[in-house]
Amino acid sequence: VEIYSLHVDCKVTSRFAHTVITSRIVNRANESREATFEVELPKTAFITNFSMSIDGEVYPGIIKEKAAAQNEYDSAVSQGQSAGLVKITDRKLEQFHVSVSIAAASKVTFELTYEELLKRQLGKYELLIKVRPKQLVKHFQIDVHIFEPQGIHFLETDSTFMTNELTEALTKEQNETKAHILFKPTLDQQKKNSELDETLLNGDFVVRYDVKREATAGDIQIVNGYFVHYFAPQEMPVFPKNVIFVIDRSGSMTGRKIEQTRDALLKILQDLRQEDHFSFITFNHKVVEWKSSLLPATEENVASAAALVQTLAARGGTHISGALLAAVGVLDKHEGLPERSVSMIILLTDGQPTSGERNVEVIQENVQKAINGKYALFCLGFGFDVSYKFLEKMALSNGGIARRIYENADAALQLQDFYQEVATPILMQIEMQYPENSIEGLTKNNFKLFFEGSEIIVSGKISNELDLLPVEIKAQSHTSNLTLMEEANVKEKEQVFQNQRYIFGNFIERLWAYLTIQQLLEKAISAQEEDQKALEAQALDLSLRYSFVTPLTSMVVTKPQQQEELANKPTEAG
């Protein structure tokens, strides 16, 4: 079975990426064989389309509500017979896998489409394409087209498998607002060596870029009555942080995990700014406060904390509740913290609560009551024995985020990267205001914190014939209260995208739907049960209307002989 053509075609229009992967396979054997299509795609993406065509007959994937699809599937197949088509493979990717039996000399074409909104992190957007054909491919091609009306500030490609020969197969064209990256290696360039038919193409192909930013109140783009507003201020003074690290040293952290935690914390301590205040709480079945109050991040205090970190040893149970409440207590009673500063608690744990309060709902409630909106809580779950759902709900209920740390060689780096993302808060209490009576379906427009290197994105539908879309941004910076204003000329903005050939027409509307679904699902995590149902119903409706495979929908893939399989969207919480 030979893959004779594999094409990855990716169009990024104003951060919204639309990727189509087409694989053409021929069975050169003289009997029927399995043809497999296996693609790894970013977890943040939603699959929007899939089809196979075998000898001219097309078998499309159909997106339905998950429960309905499951019922249909269960009646067609005795339960438990077939695994789903999509599973999480690592911290950034999930894998779509489908195989079909094709007759001798037959051909099959697989085509998968997915979309995602690229998220700015640490000053850049990253487009990740996983390349793993597992064989030499006669016609192999990756095309990435980028159009950013704000202008491209920088653009780089990176890959884990490049050789000098392969670099010759990579071309990059770029002007002010557009870029085209083409990677088209010949059969010879793909080979590990001339004798063996083994491929070098195995790993990540990454495009990173950032855009130019002129306007202080961000950038507004409009297509077909939908707008998107990007806001990422630069070069602003950084808020001092008051940060408490709450570190699990229970028995299950023994060995590699506690070593990686120590390594990461030593680096993070070096990154504290002088005006920051910090402290540590470590816990197993007992909760130990390093100091009874926060200390300024002087050289001396940092060195003394580093000495403590070096001695971290793992044994005993897991008293998550006691540790978090102790952290809140330290922040509550601390006098003399800088008036304009950001207070946060960073929890790192690898297990379930086994000491003290063990009921996760009670812990969530008590922690939320204690924090009471005053501090942000970030929860890092190390490995797969944590209840990620519990950590995620706790973080989202308290103005933070959760992240799973994958147990592999770069775990210390994952911890440091996470800290880097939250290390430089530059705005607080950001309100993005638009004319109320002329905007429908506005996505989230109030944000507690803005960190340098990230980006705020708000989208909505302009409901009546507006000529000018006025926006007003209110926020607190370290030194002052800001009000920024901007007016977008609707007709002029619509013109920008009129004659661009690689725009998929209603991309801002799809971006709006993607963002709305993501936010509804996130909101549902920390909502009460009745609200949760309403939020999920709304997200389901949009998922079906715009045909996205989200955690609420399934794609039913029907093969020849009426065999059915399901593609579901996995989530980090399982």
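Listing for the model above:
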{"read-out": "Phi-based couplings in Hz for segment 381-390 (Karplus 6.51, -1.76, 1.60; Gly and Pro marked x)", "value": "x, 8, x, 10, 9, 7, 8, 5, 4, 5"}
{"read-out": "Label-to-label distance, nm, for residues given as residue 558 and residue 369 (7 Å Cα→Cβ offset)", "value": "5.5"}
{"read-out": "Potential extension, residue 341-residue 534 segment - 0.36 nm per residue separation minus Cα distance", "value": "65.9 nm"}
{"read-out": "Ranked order, 455, 365, 156 - accessible area, probe 1.4 Å, largest first", "value": "365, 156, 455"}
{"read-out": "Segment 12-65: equivalent-ellipsoid semi-axes (sqrt of 5 x gyration tensor eigenvalues, Cα, Å)", "value": "28, 14, 11"}
{"read-out": "Ranking by accessible area, most exposed first, for 550, 571 with a 1.4 Å probe", "value": "571, 550"}
{"read-out": "Shape call, segment 350-426: gyration tensor on alpha carbons, a/c limit 1.5", "value": "oblate"}
{"read-out": "Three principal axis lengths of segment 530-573 [C-alpha, angstrom, descending]", "value": "42, 25, 16"}
{"read-out": "Alpha carbon centroid spacing (whole Å) that separates segment 161-178 from segment 190-252", "value": "20"}
{"read-out": "Separation between Cα centres of segment 451-465 and segment 294-358, rounded to whole Å", "value": "35"}
{"read-out": "Full-stretch length increase - residue 491, residue 465 - with 0.36 nm per residue and alpha-carbon distance subtracted", "value": "8.3 nm"}
{"read-out": "Degrees between helix 66-76 axis and first principal axis of the chain (Cα, 0 to 90, nearest 10)", "value": "40"}
{"read-out": "Share, in percent, of DSSP beta bridges within segment 241-423 that are antiparallel, nearest 5", "value": "15"}
{"read-out": "Rounded FRET efficiency, nearest 0.05, which uses the C-beta distance separating residue 359 from residue 105 and R0 of 51 Å", "value": "0.25"}
{"read-out": "Proximal aspartates and glutamates to residue 461, defined as alpha-carbon separation beneath 14 angstrom and excluding residues fewer than eight positions away on the same chain", "value": "436, 440, 494, 509"}
{"read-out": "Histogram of C-alpha separations across segment 93-161, 5 Å bin width, %", "value": "3, 7, 17, 21, 18, 13, 9, 6, 3, 2, 0"}
{"read-out": "For the chain, calculated [θ]222 nm from helices alone, where every DSSP H run of n ≥ 4 adds -39500 (n - 2.57)", "value": "-7500 deg cm²/dmol"}
{"read-out": "Segment 137-235: equivalent-ellipsoid semi-axes (sqrt of 5 x gyration tensor eigenvalues, Cα, Å)", "value": "37, 14, 11"}
{"read-out": "Exposure of residue 509 as accessible area (Å², to 10), given a probe of 1.4 Å and all protein chains", "value": "40"}
{"read-out": "Per-residue SASA entry for residue 73, accessible area with 1.4 Å probe, Å² rounded to 10", "value": "20"}
{"read-out": "Computed over segment 2-212: relative contact order in percent, which uses C-alpha pairs under 8 Å that are six or more apart", "value": "28"}
{"read-out": "Principal axes of segment 387-481: Cα extent on each, largest first, Å", "value": "55, 34, 22"}
{"read-out": "Coordinate range along principal axes, alpha carbons of segment 241-423, Å, largest first", "value": "37, 36, 28"}
{"read-out": "Charge context of residue 459, other residues only, Cβ under 12 angstrom, K/R +1, D/E -1", "value": "+2"}
{"read-out": "Accessible surface, per residue, of segment 241-423 when the full set of protein chains is kept, probe 1.4 Å, Å²", "value": "40"}
{"read-out": "Quarter of the Cα convex hull surface for the chain, i.e. its orientation-mean projected area (nm²)", "value": "29.0"}
{"read-out": "Taking the chain and dividing mean pair separation by its residue count, relative contact order in percent (alpha carbons under 8 Å, at least six apart)", "value": "17"}
{"read-out": "Alpha-carbon Rg/Rh ratio, for segment 2-212, with Rh computed the Kirkwood way", "value": "1.00"}
{"read-out": "Sum of side-chain charges, residue 189 neighbourhood, beta-carbon under 10 Å (Lys, Arg +1; Asp, Glu -1)", "value": "-1"}
{"read-out": "Å² per residue, accessible surface of segment 2-212 at 1.4 Å", "value": "45"}
{"read-out": "Percent RCO, i.e. relative contact order, over segment 241-423, from Cα pairs under 8 Å lying at least 6 residues apart", "value": "25"}
{"read-out": "Over 20 Å (Cα to Cα) - which of 448/474; 389/444; 119/257; 11/569 fall in this group", "value": "389/444; 119/257; 11/569"}
{"read-out": "Percent accessible area from carbon and sulfur atoms, segment 241-423, protein chains only, probe 1.4 Å", "value": "47"}
{"read-out": "Efficiency of FRET between residue 476 and residue 53 - r from beta-carbon atoms, R0 56 angstrom, step 0.05", "value": "0.50"}
{"read-out": "Virtual paramagnetic centre 7 Å along Cα→Cβ of residue 202, amide N under 16 Å, in segment 144-173", "value": "160-163"}
{"read-out": "Projected label distance in nm at residue 67 and residue 156, using a 7 Å step from Cα toward the beta-carbon", "value": "4.9"}
{"read-out": "Semi-axis lengths, Å, segment 299-358, gyration tensor of Cα atoms, sqrt of 5 times eigenvalues", "value": "25, 19, 9"}
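The values are calculated or read from the model by the stated rules, or taken from the named source; none is laboratory data. Keep in mind the model is a prediction, meaning the values are calculated, not measured. With ideal geometry, Cβ positions are generated from the backbone for all residues, glycine too; neighbour counts draw on all protein chains shown. Keep in mind that these areas ignore ligands, DNA and RNA; they rest on the heavy atoms of the full protein, side chains included. Shrake-Rupley method; radii C 1.70, N 1.55, O 1.52, S 1.80 Å.
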